[in-house]
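Q: Quick one: the structure is below, and I'll ask about it shortly.
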Ligand code: RIB
């Protein structure tokens, strides 16, 4: 590996001059700058950014560690966060824990070693030991898609209890009494809170029967499996609310495959309002989360916390979800 010493020796200048050419070119004469750059090009020297950041004590890189990069919701979160990072002249790297605790732990350990400026994190499980260990690194983090409970950090999320209630209330108002709820793993507080909202809303209007199906992963394949299970429930539900749009798209696929009409035979509601919700074969009613705003807001909080300018107080930002009604629950005129 070509080092800064090799460049200095070949160009006949000091190591400090090479460092200035790379980091503060305006302080070096044009002649020296072009001679050193020619040697950098010739030797193929690449600056050791992590070493520079360690020396400088302040990294210019934020990290986003998401629960499932296969879910467009987190892509939209990443898009918003990246915009905010770019506006602040910072870089952002995105990592995917793929809903696995071991992968989340190893990424957090790597990010601590790399001394990144801060981490935006949608945790796989409860505030578990990997988060404890990362907290000891002293690197600030902001929870995304999860509400902070102990004031140990900022967080940006949506009111998932209200989100679940909006979905259930909509189905109840349409006259559905046999309702299924396809939920993700209860280890995720978002999923527990969506179910809490569903139960609160249905308790307000007695006469409903709720069938809850829990799946291990919040993805399309699990939605397809849940759809097959719904077809076996007796009496069959006439409506289903899914904990996110990927599950809802999987349920929709299962119904189309079984010749079950949506919404006539089964109304479907999703959650997140990802782009594919409106583009589905039967456009999906969904509880919208402002994903890009969640990402942007979380990044701005982390940038403020790590700017070293003025006081920073941890804040818990909770956005309100919004029900977007489309064909998958709209009672079609017969
Ligand atoms: O984070 C758990 C779920 O909440 C994700 O699947 C995403 O869809 C969000 O709604």
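Q: Counting only residues that are in contact with a helix residue (DSSP H, G or I) (Cβ under 9 Å, 6 or more places away or on another chain) and on the phi > 0 side of the Ramachandran plot, which one in the stretch 216-275 is surrounded by the most Cβ atoms within 10 Å (Cβ to Cβ)?
A: Within the stretch 216-275, the match that is surrounded by the most Cβ atoms within 10 Å (Cβ to Cβ) is 272.
Q: Hey, another quick one. Filter the stretch 135-179 down to the residues that are assigned by TED's automatic domain parsing to the domain that holds residue 316 and out of contact with any helix residue (DSSP H, G or I) (no Cβ under 9 Å at 6 or more places or on another chain), then identify the one that is surrounded by the most Cβ atoms within 10 Å (Cβ to Cβ).
A: Looking at residues that are assigned by TED's automatic domain parsing to the domain that holds residue 316 and out of contact with any helix residue (DSSP H, G or I) (no Cβ under 9 Å at 6 or more places or on another chain), I get 148.
Q: With respect to residue 269, is the statement that it is in contact with a strand residue (DSSP E or B) (Cβ under 6 Å, 6 or more places away or on another chain), over 18 Å from residue 198 (Cα atoms) and part of a strand (DSSP E or B) true?
A: Judged against the criteria, residue 269 is not a match.
Q: Hey, another quick one. Within the stretch 21-57, take every residue that is part of a loop (DSSP other than H, G, I, E, B) and loosely packed, with under 12 Cβ neighbours inside 10 Å and give me the one that is modelled with the lowest pLDDT. Break it down stepwise before answering.
A: Of all residues in the stretch 21-57, those part of a loop (DSSP other than H, G, I, E, B) come to 24, 28-29, 44-48, 57.
In the following step, the residues that additionally are loosely packed, with under 12 Cβ neighbours inside 10 Å were identified as 24, 29, 44, 46, 57.
Values: 24: 76, 29: 91, 44: 87, 46: 82, 57: 55.
That would be 57.
Q: What residue, among those in the stretch 299-324 that are in contact with a helix residue (DSSP H, G or I) (Cβ under 6 Å, 6 or more places away or on another chain) and not in a loop (DSSP other than H, G, I, E, B), is farthest from residue 271 (Cα to Cα)?
A: Kept after step one, since they are in contact with a helix residue (DSSP H, G or I) (Cβ under 6 Å, 6 or more places away or on another chain), are these residues of the stretch 299-324: 299-300, 312, 317, 321, 323.
Those still in the list that are not in a loop (DSSP other than H, G, I, E, B) too: 299-300, 317, 323.
Details: 299: 23, 300: 25, 317: 19, 323: 9 Å.
Filtering first and then ranking leaves 300.
Q: Please tell me if residue 101 is within 14 Å of the ligand (Cβ to nearest atom) and assigned by TED's automatic domain parsing to the domain that holds residue 300.
A: Values: within 14 Å of the ligand (Cβ to nearest atom): no; assigned by TED's automatic domain parsing to the domain that holds residue 300: yes.
For residue 101, the condition - within 14 Å of the ligand (Cβ to nearest atom) and assigned by TED's automatic domain parsing to the domain that holds residue 300 - is not met.
Q: Still on this structure, I have one more. With the requirement that a residue be in contact (Cβ under 8 Å) with a residue 40 or more places away in the chain and not in a loop (DSSP other than H, G, I, E, B), what does the stretch 223-247 give you? It would help to see each step written out before you state the result.
A: Going through the stretch 223-247, the residues in contact (Cβ under 8 Å) with a residue 40 or more places away in the chain turn out to be 223, 226, 230, 233, 235-247.
Once the filter is applied, which keeps residues that are in contact (Cβ under 8 Å) with a residue 40 or more places away in the chain and not in a loop (DSSP other than H, G, I, E, B), the stretch 223-247 yields 223, 226, 230, 239, 240, 241, 242, 245, 246, 247.
Q: Checking residue 327 against (1) away from the ligand (no atom under 16 Å from the Cβ); (2) in a helix (DSSP H, G or I), which single condition isn't satisfied?
A: (2)
Q: Somewhere in the stretch 52-64, is a residue touching a strand residue (DSSP E or B) at 6+ places or on another chain (Cβ under 6 Å), under 25 Å from residue 292 (Cα atoms), touching a residue at least 60 places away in the same chain (Cβ under 8 Å) and within 15 Å of the ligand (Cβ to nearest atom)?
A: yes
Q: Given the structure, is residue 260 more than 16 Å from the ligand (Cβ to nearest atom), over 18 Å from residue 73 (Cα atoms), part of a loop (DSSP other than H, G, I, E, B) and outside the structural domain of residue 120 (by TED's automatic domain parsing)? Let's see the steps before the verdict.
A: Values: more than 16 Å from the ligand (Cβ to nearest atom): yes; over 18 Å from residue 73 (Cα atoms): yes; part of a loop (DSSP other than H, G, I, E, B): yes; outside the structural domain of residue 120 (by TED's automatic domain parsing): yes.
Criteria met by residue 260.
Q: Could you grab me the full set of residues in the stretch 129-185 that are part of a loop (DSSP other than H, G, I, E, B), within 24 Å of residue 330 (Cβ to Cβ) and within 16 Å of the ligand (Cβ to nearest atom)?
A: Once the filter is applied, which keeps residues that are part of a loop (DSSP other than H, G, I, E, B), within 24 Å of residue 330 (Cβ to Cβ) and within 16 Å of the ligand (Cβ to nearest atom), the stretch 129-185 yields nothing.
Q: What pairs come out if I take residues in the stretch 169-193 that are free of Cβ contacts under 8 Å to residues at least 12 places away in the same chain and pair them with residues that are more than 12 Å from the ligand (Cβ to nearest atom) and assigned to a helix (DSSP H, G or I) whose C-beta lies under 6 Å away, six or more apart or interchain?
A: none
The values are calculated or read from the model by the stated rules, or taken from the named source; none is laboratory data. From a predicted model like this one, the values you see are computed outputs, not experimental measurements. Glycine also receives a Cβ, built like all others from the backbone with ideal geometry; neighbour counts cover every protein chain displayed.
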